[in-house]
1. Scan Phe122, Phe111, Phe30, Phe34 and give me the residue that is surrounded by 14 or more Cβ atoms within 10 Å (Cβ to Cβ), among the hydrophobic types (A, V, I, L, M, F, W, C) and out of contact with any Phe, Trp or Tyr (no Cβ under 8 Å at 6 or more places or on another chain).
2. Could you list all residues from the range 24-61 that are modelled with pLDDT under 90 and either of a type in the set (D, E, K, R) or touching a Pro at 6+ places or on another chain (Cβ under 9 Å) (or both)?
3. Could you grab the pairs with beta carbons closer than 7 Å, sequence gap of 6+ or different chains, first residue in the range 81-107 and of a type in the set (Val, Ile, Thr), second one open to solvent by 40 Å² or more (accessible area, probe 1.4 Å) and assigned to a strand (DSSP E or B)?
4. Can you confirm whether the range 23-37 contains a residue that is closer than 17 Å to Ala124 by Cβ and touching a residue at least 60 places away in the same chain (Cβ under 8 Å)?
5. Provide a single number: the residues in the range 63-102 that are of a type in the set (Val, Ile, Thr) and outside any strand (DSSP E or B).
6. Going by the structure shown, is Ile51 over 30 Å from Ala112 (Cβ atoms), surrounded by 14 or more Cβ atoms within 10 Å (Cβ to Cβ) and touching a residue at least 60 places away in the same chain (Cβ under 8 Å)?
7. Suppose we filter Ser110, Ser76 for residues that are among the polar types (S, T, N, Q) and either over 22 Å from Tyr6 (Cβ atoms) or touching a residue at least 24 places away in the same chain (Cβ under 8 Å) (or both); which single one remains?
Amino acid sequence: MKLDIYVNYNRNCLEAFHFYEQNLGGKILFMTTFGQMPDGGNVPEERKDDIVHGRMAIAGAVLMGADIPNAEPMRSAYLTLTFDRAEEAEKTYALLADGGQVFMKMEQTSFATRFAMLRDKFGANWMILCENQDTAS
């Protein structure tokens, strides 16, 4: 058994995946549009270029996604990136926060050297975590 993550994007899945690939070291494994489906996806012409299914490897996990018109930003769930070095956590925080919404700014907590919570410009929620050496077990 394996647990993967699936995110519905508000018609910006391809843009988000390219951003994650270029900036977070992800690798797009598969991407198909409604127009590439055997029946054309049975969608209106303006949706033919929307992503029906995308899959990428990122940080040892699989992130999947699709373009869903009027998809709501993520609520009460977070993609979590855990770092060994505070500098990398800070760099990624700045990258994902740009154009997004910060819920908790990057700071030290009782359980982490660096911790932050935010929503990126694509509507995905992220936690950035650099655990304290004595809590990382």
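1. On the way: Phe122 fails: out of contact with any Phe, Trp or Tyr (no Cβ under 8 Å at 6 or more places or on another chain); Phe111 fails: surrounded by 14 or more Cβ atoms within 10 Å (Cβ to Cβ); Phe30 fails: surrounded by 14 or more Cβ atoms within 10 Å (Cβ to Cβ).
Step by step, each of Phe122, Phe111, Phe30, Phe34 is checked, and only Phe34 is surrounded by 14 or more Cβ atoms within 10 Å (Cβ to Cβ), among the hydrophobic types (A, V, I, L, M, F, W, C) and out of contact with any Phe, Trp or Tyr (no Cβ under 8 Å at 6 or more places or on another chain).
2. Listed by number, the residues that qualify are Asp39, Glu45.
3. Listed pairs, sorted by first residue: Thr82/Glu131.
4. yes
5. Here is the first cut: in the range 63-102, the residues of a type in the set (Val, Ile, Thr) are 68, 80, 82, 92, 102.
Subsequent filtering for residues that are outside any strand (DSSP E or B) retains 68, 92.
Of the residues in the range 63-102, 2 are of a type in the set (Val, Ile, Thr) and outside any strand (DSSP E or B).
6. For Ile51, the condition - over 30 Å from Ala112 (Cβ atoms), surrounded by 14 or more Cβ atoms within 10 Å (Cβ to Cβ) and touching a residue at least 60 places away in the same chain (Cβ under 8 Å) - is not met.
7. Working: Ser76 fails: either over 22 Å from Tyr6 (Cβ atoms) or touching a residue at least 24 places away in the same chain (Cβ under 8 Å) (or both).
It is Ser110.
The values are calculated or read from the model by the stated rules, or taken from the named source; none is laboratory data. Since this is a predicted model, take the numbers as computed values, not measurements. So basically every Cβ, Gly included, is an ideal-geometry build from the backbone, and we count neighbours across all protein chains shown. Each accessible area value is taken on the protein alone, full model and side chains, heavy atoms only, with ligands, DNA and RNA left out. Shrake-Rupley method; radii C 1.70, N 1.55, O 1.52, S 1.80 Å.
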